[in-house]
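Novice: Dropping a structure here in structure tokens format, bear with me for questions.
A short reminder: the numbers here are calculations on the coordinates, not readings from a lab. Note that the structure is predicted; figures quoted are calculated from it, not measured. No Cβ is skipped: glycine too gets one built from the backbone with ideal geometry, and neighbour counts run over all protein chains shown.
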Amino acid sequence: MYDFSKVVITSSPHIKSKEDTQSIMLDVLLALVPSLCVSTYVFGFRAILMTAVSIIACMVFEAVYDKIVGKENTIMDLSAAVTGALLAFVCPVTLPYWMLIIGDGVAIIIAKCLFGGLGKNFINPALAGRAFLLASWPVAMTTWVAARGEVGLFSTADAVSVATPMAILKGSAEGDLPSVASMFLGLCGGSMGEVSAIALLIGGIYLIVRKVITIHIPAAYILTVAVLTLLFPSGDLGHVQSMLYNVLGGGLLLGAFFMATDYSTTPVSKKGQIVFGIGCGLLTVMIRFFGGYPEGVCYSILLMNTTVWLIDKYTRPTKFGAPAKQKKEG
């Protein structure tokens, strides 16, 4: 007979996994590599330098903060590196490095560390950093360069400015819309995180296959935008064209796969994640159609981040075997 006196009883959770924060964040960084490769082809080596500067700055800010408050150094979990990469991906490649570094500081110190660090922040740090940069330096944050334009490593004076597809679609900038094929492959202007739809799809599928994320939020988010823009086309475009431009253009795919799926700032349950994704999609379309900005992904995700507590409250699963009254209250 088994000696139950040797059984060690511990608190939950009892499920163990080989995955840890570092391995998950490493998968996210690997998923961004296809987009970085396309961005390097489109914008030159400044794309790599921008990403490297942002990653290093975020890791330094977190290390310094940990040192000041006496916490264990957490930079090796690579969460700061992911924040740095994502912030670089949502900024113009011509953004001065010092501005990007300030955005990194806001993302890491204000949006993440001051709330207790990884897992305790309630908004996505990279998007918080972008929102701060857009409010502080709107011209620099909305100056984009043409695909295959000359962008120097340390000087962008010779770069040729171009309007993004979303700005042209909204009518806030003049220019010819690039073809759907160009947007899919990555031959149009914009940030590193929006020039190539196929590269982002490859990265998103990799994260799903690796079970780093689930399909619920990306599918709900993208399908909501697709359905709304199919039913209510933009400008003079046909229904299908409107849907394709709105799905492939802007930061929708980057936001859906890499930012709206952040563990700390999204609902826990599958039902809650679907609600969250639909909410992001609704807000994105509303901002794109009726707001002052041609792009709405950043603010839609940040706004939905603030509702996660409410979504979790009404979509949390009930305990197995709970009485009917408790299920109803849950």
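Novice: What number, rounded to the nearest 500 deg cm²/dmol, is the helix-based mean residue ellipticity at 222 nm of the chain, given -39500 (n - 2.57) per DSSP H run of at least four residues and division by all its residues?
Specialist: When only DSSP H runs of four or more count, the value is -16500 deg cm²/dmol.
Novice: Another question about this same structure. Mind putting together the pair-distance distribution for the chain? All Cα pairs, 20 Å bins, whole percent per bin, short to long.
Specialist: Final binned percentages: 31, 55, 12, 2, 0.
Novice: Now a separate question. Helix 46-69: angle to the longest alpha-carbon principal axis of the chain, degrees 0 to 90, nearest 10?
Specialist: 40 degrees
Novice: Tell me which residues come under 5 Å, amide H to amide H, from V145 once H is placed; ignore anything under 5 positions away on its chain.
Specialist: Under 5 Å from the amide H of V145 lie the amide H atoms of V93, V162, G190, each far enough along the sequence or on another chain.
Novice: How long are the three semi-axes of the equivalent ellipsoid for segment 33-165, computed from the Cα gyration tensor as the root of 5 times each eigenvalue, in whole Å, largest first?
Specialist: 28, 15, 12
Novice: Also, I was wondering about something else. Taking 20 °C and 1.002 mPa s as the conditions, I'd like the Stokes-Einstein D for segment 172-237 in µm²/s, using the Kirkwood hydrodynamic radius from alpha carbon pairs.
Specialist: 154 µm²/s
Novice: Return the subset of K170/K270; K67/K120; K112/K170; K71/K120; K67/K211 for which the Cα-Cα distance in this structure is over 23 Å, preserving the input order.
Specialist: From K170/K270; K67/K120; K112/K170; K71/K120; K67/K211, over 23 Å: K170/K270; K112/K170; K67/K211.
Novice: If I fit a long axis through the Cα atoms of helix 21-43 and take the longest principal axis of the Cα atoms of the chain, what angle between them do I get, 0 to 90°, rounded to 10?
Specialist: It is inclined by approximately 10 degrees.
Novice: For segment 181-330, what is the per residue volume of the convex hull drawn over the alpha-carbon atoms, in cubic angstrom?
Specialist: It comes to 126 Å³ per residue, whole-number rounded.
Novice: What is the local net charge at L86, summed over the other residues whose Cβ is closer than 15 Å to its Cβ (Lys, Arg +1; Asp, Glu -1)?
Specialist: Net of charged neighbours comes to -3.
Novice: Tell me the relative contact order for segment 54-98 as a rounded percent, counting alpha carbon contacts under 8 Å between residues six or more apart.
Specialist: 46 percent
Novice: Same structure again: Sorted by mean Cβ packing within 10 Å, highest first, what order do the peptides 208-214, 60-66 take?
Specialist: Final packing ranking: 60-66, 208-214.
Novice: How high is the relative contact order of the chain, in percent, with contacts defined as C-alpha pairs under 8 Å that are six or more residues apart?
Specialist: 17 percent
Novice: Using only the alpha-carbon atoms, how far is helix 197-209 inclined from the longest principal axis of the chain? Give it as 0 to 90 degrees, nearest 10.
Specialist: 10 degrees
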